[in-house]
1. Kindly indicate the residue of segment 1-12 that is farther than 14 Å from Gln39 by Cα and not acidic (Asp, Glu) and also surrounded by the fewest Cβ atoms within 10 Å (Cβ to Cβ) among those meeting that condition.
2. Looking at (1) out of contact with any Asp or Glu (no Cβ under 6 Å at 6 or more places or on another chain); (2) surrounded by 12 or more Cβ atoms within 10 Å (Cβ to Cβ); (3) in contact (Cβ under 8 Å) with a residue 12 or more places away in the chain; (4) assigned to a helix (DSSP H, G or I), which is the one condition that is false for Ala15?
3. Out of segment 34-51, which residues are in a loop (DSSP other than H, G, I, E, B) and exposed (fewer than 14 other Cβ atoms within 10 Å of the Cβ)?
4. For segment 19-33, name all the residues that are in contact (Cβ under 8 Å) with a residue 24 or more places away in the chain, under 13 Å from Lys4 (Cβ atoms) and either exposed (fewer than 13 other Cβ atoms within 10 Å of the Cβ) or aromatic (Phe, Trp, Tyr) (or both).
Amino acid sequence: MIAKLIAVAETREEAIAKMERALDEFVIEGIKTTIPFHQALMKDERFIKGDYTVKFLEDFEF
C-alpha cells in the first residue's frame, strides 16, 4: 500500500462527492494504481445508494 484516501462528511452523498474529487486530483506516477477502479465505484448507482452485498464486487465491472 502506498497511500490511503479517506473522505469524511455528514452524509454519504457528500462523502462520495469528496472522494470523487480527491480521486480525480490524486496523482501517483510510475506504477499502476487502483484509482480507476475506485473512480468507477464512486459512480456506480448501487454503491451510491448503499444497495450492495458482500458479493457486489463479483459482479462489478469497470
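1. Filtering segment 1-12 for residues that are farther than 14 Å from Gln39 by Cα and not acidic (Asp, Glu), the one surrounded by the fewest Cβ atoms within 10 Å (Cβ to Cβ) comes out as Met1.
2. (3)
3. Matches in segment 34-51: Thr34, Gly50, Asp51.
4. Ile28
Taken together, the values in this text are just the output of simple stated rules run on the coordinates, not laboratory data. In this text the structure is predicted, and so the values were computed from the model without any measurement. Every residue, glycine among them, receives a Cβ derived from its backbone with ideal geometry; neighbour counts consider all protein chains shown.
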